[in-house]
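Asker: Starting off with a structure, shown below.
Derivation of every value follows stated rules applied to the coordinates shown; laboratory data play no part. Everything quoted here is computed from the prediction, not taken from an experiment. Neighbour counts are summed over all protein chains in view; Cβ atoms, including those assigned to glycine, are modelled from backbone coordinates with ideal geometry.
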Amino acid sequence: MTLPTRLLCLALVGFAGVSLLAQSPGGTPFRIERLDPALDAIVAPDAKLEELATGFALTEGPVWVGEGQQGYLLFSDNAGNVIYKYEPGKPIAAFLEKSGFTGTDNTKVGAQTVMGRVGILLIGSNGLALDPQGRLVVTAMNDRTVYRLEQDGSRTVLADRFDGKRFNGPNDIVIKSNGAIYFTDSVWGLRGAANDPARELPFSGFFLVKDGKVTLLGGDKDAKGMFPNGITLSPDERYLYVTAGGGRTMRYDIMPDDTVANGRLFVEHGSDGMRVDQKGNLYTTSGGGPGVVQITSPEGKPLGRLHLPQPTSEPRVRICATNVAFGDADNRGLYITACTHLFKIRVNQPGVRPGRR
């Protein structure tokens, strides 16, 4: 199947609003798990999950771009090395090719994972964010850089190393309203991951980029067992949330100079990307396992979970939960990147789109 034909097929799935999962025998359907009555004010008990598109390898890093009357969603296919554009009512389109790896030889880059039963390589972009000027900032895992996409299509590298050593694979990203950039660096940009001979930084960390300077904020160099992946800001930008490995999320105080202090465990959930709504509720994702999005109050109390459907029909797909983003004109559309799928659910509480003044 040619790329244009494949994109048209994906678009027809989303445009028709028909869930192929609902037609598949076996497996478990989508469900909302209510852990606290407060969840009802955030997600209606009868809220429906909409399957927008499928057929991807590993979707990641969604960000809503609020241009025009409607706006659109950008998201990475981490194994496809492309950023896609989803605009309601239109076919899925390739927005940016070679989004995370611009080289010609991919035999030594990108750790391996699976798409259902098929082995795939992580050779594309991952996290996406908008800066206060509305420009797209991308973590390129295999180019091992963080770059900004300019209006003319050129790329400006904002960070590619710390203390003279190249990053292992920039992963997730969030931008403060003053332009300060926070991102995580993991080993997934390297074919051999932690044991790759090309690894230069002997740790995984999370960093601040401000005024052209890269500052290490934390990571497994200082805290044993910590593996930074997902990252986001509280609505008032007083706190930085970072996943810490082992299904944990940390919360840090943001200092006047945009560095962080006083890290402490916030909740026992979170493996990949996350976002907050305007009330400060945190939406964390389960990562590569069966797809779960957990909603936690600003006080750290789990309120409920969105369990994504898990079909068992063949050929096997992989529905996970890698990241979330708020979009639509009212910021009440919760978009979920889910490995082979892209989902959306309408929620009651508007979300935050970081980076906006």
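Asker: Which residue, 202, 235, 37, has the most motion in a Gaussian network model of the chain that connects Cα atoms within less than 10 Å?
Answerer: Its mean-square fluctuation being the largest, the pick is 37.
Asker: Would you kindly state how much longer the chain becomes between residue 34 and residue 165 on full extension, computed as 0.36 nm times their sequence separation minus their alpha carbon distance, in nm to one decimal?
Answerer: Working: separation 131, 0.36 × 131 = 47.16 nm, distance 4.58 nm.
Computed gain between residue 34 and residue 165 is 42.6 nm.
Asker: Once R0 is set to 25 Å, what does the formula 1/(1 + (r/R0)^6) return for the Cβ-Cβ distance between residue 94 and residue 332, expressed as a FRET efficiency to the nearest 0.05?
Answerer: 0.35
Asker: For a quick check: sort 286, 313, 125, 186 by the number of other beta carbons within 10 angstrom, fewest at the front. Don't jump to the answer; show the numbers that get you there.
Answerer: Values: 286 21, 313 13, 125 30, 186 26.
Final ranking by Cβ density, sparse to dense: 313, 286, 186, 125.
Asker: Which residues does a label at residue 156 reach in the range 126-141, if reach means a backbone N under 13 Å from a point 7 Å past the Cα toward the Cβ?
Answerer: Label zone hits: 131-138.
Asker: Let me check the size of the range 3-346 from its C-alpha atoms; what are the radius of gyration and Dmax in Å?
Answerer: Expressed in Å, the Cα Rg and Dmax of the range 3-346 come to 18.7, 55.
Asker: Which of these, 249, 340, 312, has the largest mean-square fluctuation under a Gaussian network model of the chain (Cα springs below 10 Å)?
Answerer: 312
Asker: Around residue 265, under 11 Å between beta carbons, what's the net of Lys plus Arg minus Asp minus Glu among the other residues?
Answerer: Numbers: positive: 248, 251, 264; negative: 268.
Once positives and negatives cancel, what remains is +2.
Asker: Could you tell me the calculated FRET efficiency between residue 213 and residue 264, based on Cβ-Cβ distance and R0 = 30 angstrom, to the nearest 0.05?
Answerer: 0.70
Asker: Listed here are the pairs 48/98; 48/85; 85/210; 221/279; 176/221; 48/176; which of them are more than 27 Å apart at the Cα? Walk me through the intermediate numbers first.
Answerer: Values: 48/98 34 Å; 48/85 23 Å; 85/210 29 Å; 221/279 33 Å; 176/221 25 Å; 48/176 32 Å.
From the list (48/98; 48/85; 85/210; 221/279; 176/221; 48/176), the Cα-Cα distance tops 27 Å for 48/98; 85/210; 221/279; 48/176.
Asker: Can you work out the FRET efficiency for the pair residue 41 and residue 236, with r the C-beta to C-beta distance and R0 = 22 Å, to the nearest 0.05? List each step's numbers first, then the result.
Answerer: Numbers: r = 20 Å, r/R0 = 0.91.
That pair, residue 41 with residue 236, gives E of 0.65.
Asker: Project the alpha carbons of the range 294-351 onto their principal axes and report the range along each, largest first, in whole Å.
Answerer: Result, largest extent first: 40, 29, 15 Å.
Asker: log₁₀ I(q)/I(0) of the range 100-234 at q = 0.18, 0.19, 0.21, 0.22 Å⁻¹, via Debye over equal Cα point scatterers, no solvent, to two decimals?
Answerer: -0.98, -1.08, -1.28, -1.38
Asker: Now for a different question. Net charge within 14 Å of residue 27 by Cβ-Cβ distance, Lys/Arg positive one each and Asp/Glu negative one each, not counting residue 27 itself? Please report the intermediate quantities before stating the final value.
Answerer: Details: positive: 31, 316, 318; negative: 51, 314.
Computed value for this residue: +1.
Asker: Here's a follow-up. For every other residue with a beta carbon closer than 13 angstrom to the beta carbon of residue 109, add +1 if it is Lys or Arg and -1 if Asp or Glu, then tell me the sum. Working shown, then result.
Answerer: Details: positive: 98, 108, 144, 166, 191, 199; negative: 105, 143, 196.
My count for the surroundings of residue 109 gives +3.
Asker: Right, next: Considering only 266, 326, 206, give the residue with the highest GNM mean-square fluctuation for the chain, with springs between Cα atoms whenever their separation is below 10 Å.
Answerer: Checking each option, the largest mean-square fluctuation is seen for 266.
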